[in-house]
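Undergrad: Quick one: the structure is below, and I'll ask about it shortly.
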């Protein structure tokens, strides 16, 4: 929509998403656009990306542009998706774009993303938007043992992955004064913007993490963990969670950790916590006949039910999958009943579901979609082909959304 990140608006891009929103609504699907999903426009990245304050301001202007066009029809908004991953994997470790290896010097990217979130909330509100939230990735952190060293390392990891991105939004402060002192700008004033009230708070959950204090071997060389290359010298060391089945990505399947996570948020933040949404939960396995995925979703929906029964206020659940399905809490399956495949199929076939629409800003692969055959992509009206940058999105009869890359 704003390919340079600032300045000229791509009218064809706005028209495309305008038609996409209308088509989803016509099919009985509530669109839930994510304004930013790691698709920083290249000119802004070249100027410093999220390491510089101006990117947050440009993001707010872009949010205003989108809301001015789509705000009369979009019922729910996600400002950012997983700022922790962009900060830590993109700017800190160089595993994701933009490939920087700044370690703890990446922290300004966290602050500026959160500031961009708060400014975007203000811009959306000014346009009359409601149903505003954010999608933060969270998971329980388990110490490798009861030793003080392991507990301290796990607490630091929890601060870095969970509290650093939740508490500025929910409590209006950073969880550690030492970290706050490393951040640029008028931090106290920025926190007032970052903590703009939300209508809901989104949690992306996949797995817990087991953390221990670094040992002699951990500090000597780099190591690999869950496909991520970790440099030597970190103040914590991930440990394997043993005795659990694994997804196709090698991630441990721990449904009860979702219950633990939701109840931790419920207890830790109390009345400061708005209603929750599970904005991502799912798995990757090879093949089409996938009983492992059915078992995964069944177990996690039951874990969610347990958290609800214990007092967590969760209003919706989005399945992370090639088939993007969301449904409200009122239609969450109870503990017993038909197999989860049938339940999910009924839910997706019923009108009134919702569909996540990935980041819209810079036009990366996550955005390059086409609703075929009704909505041609603005820069490529030809049929989609396999490969990077081409994505086909079909709204099927009955209201389910199918994506093919």
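Nothing in this text is a laboratory measurement; each read-out follows from the coordinates by a stated rule. Remember, it's a predicted structure, so these values are computed and weren't measured experimentally. Here the Cβ positions follow ideal geometry from the backbone for every residue, glycine too, while neighbour counts run over all protein chains shown.
Undergrad: Suppose the chain between residue 295 and residue 4 were pulled fully straight at 0.36 nm per residue; how much longer would it get relative to their current alpha carbon spacing? Kindly include the intermediate steps, with their values, before the conclusion.
TA: Values: separation 291, 0.36 × 291 = 104.76 nm, distance 4.37 nm.
Length difference between fully extended and current span is 100.4 nm.
Undergrad: Sorted by packing (mean other beta-carbon atoms within 10 Å per residue), highest first, where do 155-161, 188-194 land? Don't skip to the end; give the middle numbers.
TA: Working: 155-161: 19.4, 188-194: 16.9.
My ranking of the peptides, most packed first, is 155-161, 188-194.
Undergrad: In addition: How high is the relative contact order of the range 1-106, given as a whole-number percent (alpha carbon pairs under 8 Å, six or more residues apart)?
TA: Dividing the mean separation by the residue count of the range 1-106 yields 26 percent.
Undergrad: Continuing with the same structure: If we count other beta carbons within 10 Å of each Cβ, what is the order of 74, 121, fewest first?
TA: Numbers: 74 23, 121 26.
Result, fewest neighbours first: 74, 121.
Undergrad: Principal axis extents for the range 1-63, Cα atoms only, whole Å, descending order, please.
TA: 41, 20, 16
Undergrad: Over the range 167-221, what is the relative contact order in whole percent, taking alpha-carbon pairs under 8 Å and six or more residues apart?
TA: With pairs under 8 Å counted, the relative contact order is 32 percent.
Undergrad: Here's a follow-up. For the range 1-156, take N as its residue count and report Rg(C-alpha) divided by 2.2 N^0.38 Å.
TA: Values: Rg = 17.9 Å, N = 156, 2.2 N^0.38 = 15.0 Å.
Expressed relative to 2.2 N^0.38 Å, the Cα Rg reads 1.19.
Undergrad: Given the peptides 83-92, 228-237, arrange them by the average over their residues of other C-beta atoms within 10 Å, most packed first.
TA: On the way: 83-92: 23.5, 228-237: 15.5.
The most tightly packed comes first, giving 83-92, 228-237.
Undergrad: Based on alpha-carbon atoms only, what is the radius of gyration of the range 79-226 relative to the globular estimate 2.2 N^0.38 Å?
TA: Details: Rg = 16.3 Å, N = 148, 2.2 N^0.38 = 14.7 Å.
For the range 79-226, the normalised Cα radius of gyration comes out at 1.11.
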